[in-house]
Amino acid sequence: MLPHYPEGTVRTLLTTDLVTEATRQVLTDRLNAPLRLPTFFSSDDFALLDAVCNRLIPQDEPKTRIPVAEGIDERLSKNTTNGWRYDSMPNDGDAFKLGLKGINESALAMFQQPFLTLLGDQQDQILRAVQVMEAPGEVWQNLPADRFFEELLAEAVENYYSHPVAQEEIGYVGMADTPGWKRLDLNQLEDREPRLE
């Protein structure tokens, strides 16, 4: 069995004075966010995005499922960006819609089935082909597959690890931002840092 940090570590930390009110509010909102329906993607495109995100970051426990695809949909709905993009890429919304279309084209070309109907290892083969620019399909003639994959993976990871439940998985307590870090030597832990069980 792999070592893990105690469940609830971050959630407990949020109830202490070690976290600023602004940080507490953001992370508590993420914990308590209601289920949200897609507003940017069609229901079919959203189902595809969700399946792709679940291959990139598998989540086996539905009770603590982190809404990765929902976070991407929400950002694109608000038309916000991080302020830059590759000059070879269209705007984020168009890139995601084209990229999802490309993933399905590749699935049809490689396995004669839509991505959603493929087995997990077949889905992984499609995503790997996109990542290394070997995916078949017309979309990839105009959209750089490797850049799309990079953007998709980065956004999925950002949505996942900005959630308190994922932070608990890795023992991240860096959001404890009021007292500062005092124990800086190798293998020294602050009192607020979880110990592996």
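The values are calculated or read from the model by the stated rules, or taken from the named source; none is laboratory data. Keep in mind that this is a model prediction, so the values were computed, not measured. Counting neighbours? That spans all protein chains shown, and the Cβs are built from the backbone with ideal geometry, glycine included. Ligands, DNA and RNA are excluded from the accessible area calculation, which covers all protein heavy atoms including side chains. Shrake-Rupley method; radii C 1.70, N 1.55, O 1.52, S 1.80 Å.
Descriptive notes on the structure:
- Model label sites at Thr64 and Leu108, defined 7 Å from Cα along the beta-carbon direction, differ in position by 4.0 nm.
- Pairwise FRET efficiency - Leu186 versus Ala22, Cβ, R0 = 30 Å, nearest 0.05: 0.45
- Under Karplus coefficients 6.51, -1.76 and 1.60, residue-wise ³J(HN,Hα) of the stretch 16-33 in Hz, glycine/proline x: 9, 8, 7, 10, 5, 4, 5, 5, 4, 5, 4, 6, 5, 4, 5, 5, 9, 4
- With all protein chains kept in place, the per residue accessible area of the chain amounts to 59 square angstrom at a probe of 1.4 angstrom.
- Tilt relative to the chain, helix 68-78 - C-alpha long axis, 0 to 90 degrees, to 10: 80
- Straightening the chain between Leu196 and Asp87 buys 34.9 nm, computed as 0.36 nm per residue apart minus the Cα-Cα spacing.
- Rounded to 10°, Cα long-axis angle of helix 145-161 versus longest principal axis of the chain: 30
- Rounded if a/c under 1.5, otherwise prolate or oblate - the chain, Cα gyration tensor axes: prolate
- Helix 92-111 and the longest principal axis of the C-alpha atoms of the chain enclose an angle of approximately 60°.
- Within the chain, the longest segment free of exposed loop sites, counting chymotrypsin sites (Phe, Trp or Tyr not before Pro) that fall outside DSSP classes H, G, I, E and B and have at most 15 other Cβ atoms within 10 Å, spans 87-180.
- Note on the stretch 48-167: dipole from Cβ charges, positive end direction compared against Trp140, Met89, Val165; the farthest Cα belongs to Val165.
- Carbon and sulfur %, accessible surface of the stretch 50-100 computed with the full protein complex present, 1.4 Å: 46
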